[in-house]
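The values are calculated or read from the model by the stated rules, or taken from the named source; none is laboratory data. Fair warning: this is a prediction, and the values are worked out from it, not measured in the lab. So basically every Cβ, Gly included, is an ideal-geometry build from the backbone, and we count neighbours across all protein chains shown. What goes into the accessible areas is simple: the full protein's heavy atoms, side chains included, and nothing from ligands, DNA or RNA. Shrake-Rupley method; radii C 1.70, N 1.55, O 1.52, S 1.80 Å.
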Amino acid sequence: MEKIELKDAFAEFKNQKNIDRPTMMGVLEDVFRTQIAKVYGSADNFDVIINIDKGDCEIYWNREVVEEVEDPNTQISLEEVNADGDDYEIGETFAKRIEMKDFGRRGILNIRQNLQGRIMDLEKANLFNKYKEKVGQLFCGEVHQPWSKEVIILDEDGNELKLPKSEQIPGEHFKKGDSVKAIIKSVDMRNTTPIITLSRVTNDFLAKLFEAEVPEIYDGLITIKKVVRIPGQRAKVAVESYDDRIDPIGACIGVKGSRIIGIVRELRNENIDVIQWTSNTQLLITRALSPAKISSITTGEDGKLKVYMLPEEVTKGIGRGGVNIKLAGMLVDKEIEVWRDTPKNDAADEDEEDVLLDEFDNEIDQWIIDKLKSIGCDTAKSVLAIAPDDLARRADLEDETVEDIRKILSAEFE
């Protein structure tokens, strides 16, 4: 019975993937030597011969033949060794084969459990090393269990990977059996267990999706210079081609949007703007804010970029909730402020009558003024020109706050 159990353990160990033969041999020998040391006190004078293919193990106990035994583990008396008619002499080595049954049933179980534990440790180490080399790569797996705080995803070998809620695109939901793409964000070892974390919100994830969908990017003919995104809302991808014959934007979008549509669907309809890269900051901003037309761009003393637009272009440039202007700022690594550019023929009259919002900082909180500026309202009249409901929605302000602001600003012109 013990031999059958041992063979089963050998077979289980042998069938593990990604475990080379020398490692198998070393671990198996170490397991047996550990048990030998428990039984005999030391395993230094034992030979352990492993036969993985047969699922068997031969163990020999080597002792020196002496006249008088002082250490029973390493010595055997001449009288005892020749009791069966053998002809040994003092100083020779007597090797006795140890049978599995000599360990007893409990010893066999200890060997099996120790072996299974070592197998598990090797599996964990191999899993850690396998995915440590894949950090930053695209991964596709199947949802095994969706939880409120994370989703468990299985790979082709049945290993578990985690997609935390914080790494999911806002508003997306998964069901068991769903196929999910994500990027391997990190691999950590916690209490000897590898924790593989996936992400769908990083900029690298979007870049890898483009690489998978656009052959020119994969082949290196087109380079993704920078990706910025607000997951679930909008993203901007700046690309550059090293071949003048290749249109980088057209290649990324595909015929009738055939290439980019798959990426958009994967990102739960996140809007994606593909723009041509340039090292010219002002030109890059102009391209990033298109189709809004920019009148001029200046740099303030505080380092912020001031983008001037005609009033009718401001809404398009800022985008819903200020997302468009925010992404443009992320693209050039600078904060951007939008200013209304009043036509010259009306500027003199309007400047005489209008008042900058900063003049009201003693009556209106600065954070409110900043919110109003973020939607292109930098003067009193530009605020009053917007309907209260629309102003509350665009600036994300309470109706009561909007009403108070309008009273303060209106009083200036009474």
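Structure data summary
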{"read-out": "Alpha carbon convex hull of the range 108-152, volume per residue in cubic angstrom", "value": "121 Å³"}
{"read-out": "Gln75-Met189 FRET efficiency (beta carbon distance; Förster radius 35 Å; 0.05 resolution)", "value": "0.15"}
{"read-out": "Calculated FRET value between Asp247 and Met120, using beta carbons and R₀ = 45 Å, to 0.05", "value": "0.25"}
{"read-out": "Antiparallel DSSP beta bridges within the chain, as percent of all bridges there, nearest 5", "value": "75 percent"}
{"read-out": "Estimated FRET transfer efficiency when R0 is 41 angstrom, pair Asn51-Thr223 (beta carbons, to 0.05)", "value": "0.15"}
{"read-out": "Estimated [θ] at 222 nm from DSSP helical runs (n ≥ 4, -39500 (n - 2.57)) normalised by residues in the chain, nearest 500", "value": "-12000 deg cm²/dmol"}
{"read-out": "Span from the the range 72-101 Cα centroid across to the the range 237-306 one, whole angstrom", "value": "85 Å"}
{"read-out": "Ile261 paired with Glu398, simple spin-label distance in nm, labels 7 Å along Cα-to-beta-carbon", "value": "4.7 nm"}
{"read-out": "Selection from Val307, Pro388, Ile196 lying farthest towards where the dipole of the chain points positive, charges on Cβ", "value": "Pro388"}
{"read-out": "The range 378-414 and the range 116-138: distance between their alpha carbon centers, rounded to Å", "value": "59 Å"}
{"read-out": "Carbon and sulfur %, accessible surface of the chain computed with the full protein complex present, 1.4 Å", "value": "45 percent"}
{"read-out": "Rel. contact order, % - alpha carbon contacts under 8 angstrom, at least six apart, the range 73-180", "value": "17 percent"}
{"read-out": "Net length gained if the chain between Asp86 and Lys407 were fully extended (0.36 nm per residue, minus Cα distance)", "value": "104.0 nm"}
{"read-out": "Label zone at Glu156, where the point sits 7 Å out along the Cα-to-Cβ direction: the range 107-150 residues whose backbone N lies under 12 Å", "value": "140-141"}
{"read-out": "Additional length obtainable on full extension of the chain from Ser295 to Lys316, 0.36 nm per residue less Cα span", "value": "6.2 nm"}
{"read-out": "Loop-located GluC sites (Glu not before Pro) in the range 209-305, at most 16 other Cβ atoms within 10 Å (DSSP)", "value": "Glu301"}
{"read-out": "Correct option for Kirkwood radius over Cα pairs in Å [calculated from the coordinates] among (1) 22.8; (2) 28.2; (3) 30.4", "value": "(2)"}
{"read-out": "Separation in nanometres of the label points that stand 7 Å from Cα toward Cβ, at Asp333 and Tyr60", "value": "6.9 nm"}
{"read-out": "Top positive-direction residue, dipole computed over the chain with Cβ charges, set Phe32, Gln282, Ile217", "value": "Ile217"}
{"read-out": "Probe 1.4 Å, accessible area per residue of the chain, Å²", "value": "56 Å²"}
